[in-house]
Amino acid sequence: MTVRTDSLTALTQRLAFLSYVEKNPGVSIETAAQSFCVSTAEIRKWVDTLWTVGYRRFGEREALPNHMIDFDGSAYEAGELLLTSSQNAAVPLSLAPDDADLVLSLLITLYPFAVIPQEIAASLTVKLAQIAPSERTVRAVKLNEAEQQQLAQVLTVRGIIAEAISSNRRVEVHYTDAGHKHSVRELSPVKVDWSGPAPILLAWCHTRQGVRRLRLDRISDVMLLGQPRSHVKRAQREGFSISADEEAIVTLVSPAPFALESLGWPETKLVSEGKIQVRVPVADYAWLTRWLLVHSESVLDIQPDKVKAKVLELIPEQASE
C-alpha cells in the first residue's frame, strides 16, 4: 500500500490535535496554534475538517458514524475549542496495522522538531504500538512511567502469545469486549491476523467452547499456562482469513454481541433502529454458512445475491451435520 507523506502528516496532526483538545477542554485557538507551531488559521482549518468529515481510514470515501467529531459552536465562535462528541479513543484502533506502522514512524520523526506536544506524542505512540505489526523502537519519544508500563504491557501480551504458539501451550487472558464487559478466558492461540483494521487473535476458547477471534488490543493481561493447546486444527478450519477475495454484507439485530465477538468485533454500520450491518470477508463458504446458522436468531439478511444463493445452497448440508 502506498500512502502519500503529506496524507500521513495530516492524519498524524489530526490524531495529535484531537487528543490535545480532549486533554485541554476550552483551550484557546491561539494557545493551540502555539502548541503545534502553526497559525491560528491552520488550527481553524483542522477544526473545520474534523467537524465536517470526522475521521476516515486510508482508502475510505466516507467516514463511519463512530468517527464523527463535534465541537461546541458557541465556544468556537469565542475562540475556544471544546469537544461535545469525540471518538478519539477508538480512532487509532481503526487504522490498518501497516498504516499504524507508517503513522508511528512519522510521529517519531516529527517529535524532535516539536511539531506535536510531548504528552500527546507519547500517548499516541503507546496507542499506535498496540496495532503496529512491527515492534518499532519508540525511544525518540519520552514516555512517562505510566506510559512506559502500558507500552511494556502491550509488548508483553504480544510476546507471551507468540511464545504460547511456538511452544504449543495455552494462555489465560483478561479481555474487554466492545461493550466494555470484562472476562477471563482460557485460550489455545492459533495465530495473530494483522491484515485487518485491528490485529485479531484466532484461538479456541476453552471458556466459551468455541472458535473466537479476539482483538489483540483489547487483551489487558496474559499468562502462559502449562496445558498443551487443543482444538487447533478445528480453529484453523473454522477460522477464516480476512484477506478473502469476496465479501458478504450481513444485516444483524443490534447489538448481536455473540455474533460480533466471533468476528473479532468488526466495525458496524447502523442501518436503522435496531439493525446494524457488518462486512464479512468470505474465504470459506462452509464456514460462513455455519456461522450464519449458529447466529441465525440475530441474522436478518445477507447480501449480495450471489453470496446469499451460495449460502442457501449449503444450508441443508450444514444443518444436517
Looking only at the stretch 32-77, count every residue that is in a helix (DSSP H, G or I), of a type in the set (D, E) and modelled with pLDDT under 85 and tell me the total. 1
Selection from the stretch 5-31 of residues hydrophobic (A, V, I, L, M, F, W, C) and at pLDDT 70 or above yields L15, A16, F17, L18, V21, V27, I29
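Just to verify a result, which residue in the stretch 245-264, among those that are of a type in the set (A, V, I, L, M, F, W, C) and open to solvent by 30 Å² or more (accessible area, probe 1.4 Å), is modelled with the lowest pLDDT?
Here is the first cut: in the stretch 245-264, the ones of a type in the set (A, V, I, L, M, F, W, C) are 248-250, 252-253, 256, 258-260, 263.
Filter again for open to solvent by 30 Å² or more (accessible area, probe 1.4 Å), leaving 249, 253, 258.
Working: I249: 90, V253: 87, F258: 74.
Across the stretch 245-264, the extreme among qualifying residues is F258.
Return yes when I161 is at pLDDT 85 or above, β-branched (V, I, T), at negative phi and open to solvent by less than 10 Å² (accessible area, probe 1.4 Å) and no when it is not. Working first, answer last.
Values: at pLDDT 85 or above: yes; β-branched (V, I, T): yes; at negative phi: yes; open to solvent by less than 10 Å² (accessible area, probe 1.4 Å): yes.
For I161, the condition - at pLDDT 85 or above, β-branched (V, I, T), at negative phi and open to solvent by less than 10 Å² (accessible area, probe 1.4 Å) - is met.
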Residue in the stretch 189-199 that is at pLDDT 80 or above, open to solvent by 30 Å² or more (accessible area, probe 1.4 Å) and not aromatic (F, W, Y) present: yes
Go through (1) surrounded by 13 or more Cβ atoms within 10 Å (Cβ to Cβ); (2) within 21 Å of the chain's Cα centre (by Cα) one by one and return the number of the condition R208 breaks. (2)
All but one of (1) modelled with pLDDT of 85 or more; (2) open to solvent by less than 50 Å² (accessible area, probe 1.4 Å) hold for P228; which doesn't? (2)
Residue pairs, Cβ under 6 Å, 6 or more apart or interchain, first in the stretch 59-86 and over 16 Å from F17 (Cβ atoms), second in a helix (DSSP H, G or I) and modelled with pLDDT under 75. List them. A63/V53
Extreme residue, most open to solvent (accessible area, probe 1.4 Å), among residues of the stretch 272-289 that are in a loop (DSSP other than H, G, I, E, B) and modelled with pLDDT under 80: E273
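Answer with yes or no whether R139 is at pLDDT 75 or above and over 23 Å from the mean Cα position of the chain (by Cα). Lay out the reasoning, then the answer.
Details: at pLDDT 75 or above: no; over 23 Å from the mean Cα position of the chain (by Cα): yes.
When the stated conditions are applied, R139 does not pass them.
The values are calculated or read from the model by the stated rules, or taken from the named source; none is laboratory data. Since this is a predicted model, take the numbers as computed values, not measurements. We place every Cβ from the backbone using ideal geometry, glycine too, and count neighbours over all the protein chains shown. Please note that ligands, DNA and RNA were not included when accessible areas were found on the heavy atoms of the full protein model with its side chains. Shrake-Rupley method; radii C 1.70, N 1.55, O 1.52, S 1.80 Å.
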